[in-house]
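Since the structure comes first, as structure tokens, the remarks are kept for the end.
Every read-out reported here was derived from the displayed coordinates using simple, explicitly stated rules and does not represent laboratory data. For clarity, every value in this text was computed on a predicted model and none was experimentally measured. Glycine also receives a Cβ, built like all others from the backbone with ideal geometry; neighbour counts cover every protein chain displayed.
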Amino acid sequence: MEKPTFESLLKELEQVVKDLESKDITLDESVKKYQRGIELSKTCYEMLEEAEKLVVKEIKA
């Protein structure tokens, strides 16, 4: 299985936010979406940190 791209994770996170803003979502669905959003944001943050390390490494080289 291919590792998801930052862009695909960010797109999914944006959809989670839209879903949470919807008034037609149950509390249970909201909690599940919120948890997924937290997972996605953590993964995106980790990917950004890795990219920053690579850039800093290249600048120092």
On a 0 to 90° scale, report how tilted helix 6-21 is relative to the longest principal axis of the chain, with both axes built from alpha carbons and the result rounded to the nearest 10.
30 degrees
Treat the count of other C-beta atoms within 10 Å as a stand-in for reagent exposure and order Asp28, Asp19 from fewest to most.
Asp28, Asp19
Within segment 1-36, whose backbone N sits under 15 Å from a point 7 Å along Cα→Cβ of Ala51?
4-14
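What size of dipole, in debye to the nearest 20, comes out for the chain about its Cα centre when the only charges are +1 on Lys and Arg C-beta atoms and -1 on Asp and Glu C-beta atoms?
Values: 11 positive and 15 negative charges, 32 e Å.
My answer is approximately 160 debye.
Ignoring everything except DSSP H segments at least 4 long, calculate the 222 nm mean residue ellipticity for the chain; use -39,500 (n - 2.57) per segment, divide by total residues, nearest 500.
Numbers: 2 runs with 50 residues, N = 61.
When only DSSP H runs of four or more count, the value is -29000 deg cm²/dmol.
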Mind giving me the nanometre distance, one decimal, between the label points for Leu27 and Gln15, set 7 Å out from Cα along Cα→Cβ?
2.7 nm
Modelled FRET efficiency - R0 30 Å, Ala61 with Ser41, Cβ distances, 0.05 increments:
0.45
Lysine pairs meeting the criterion (Cα under 18 Å, 8 or more apart or interchain), as found in segment 6-60
10
Structure-derived volume of the Cα convex hull per residue in Å³: which label, when the choices are (1) 67; (2) 103; (3) 87:
(3)
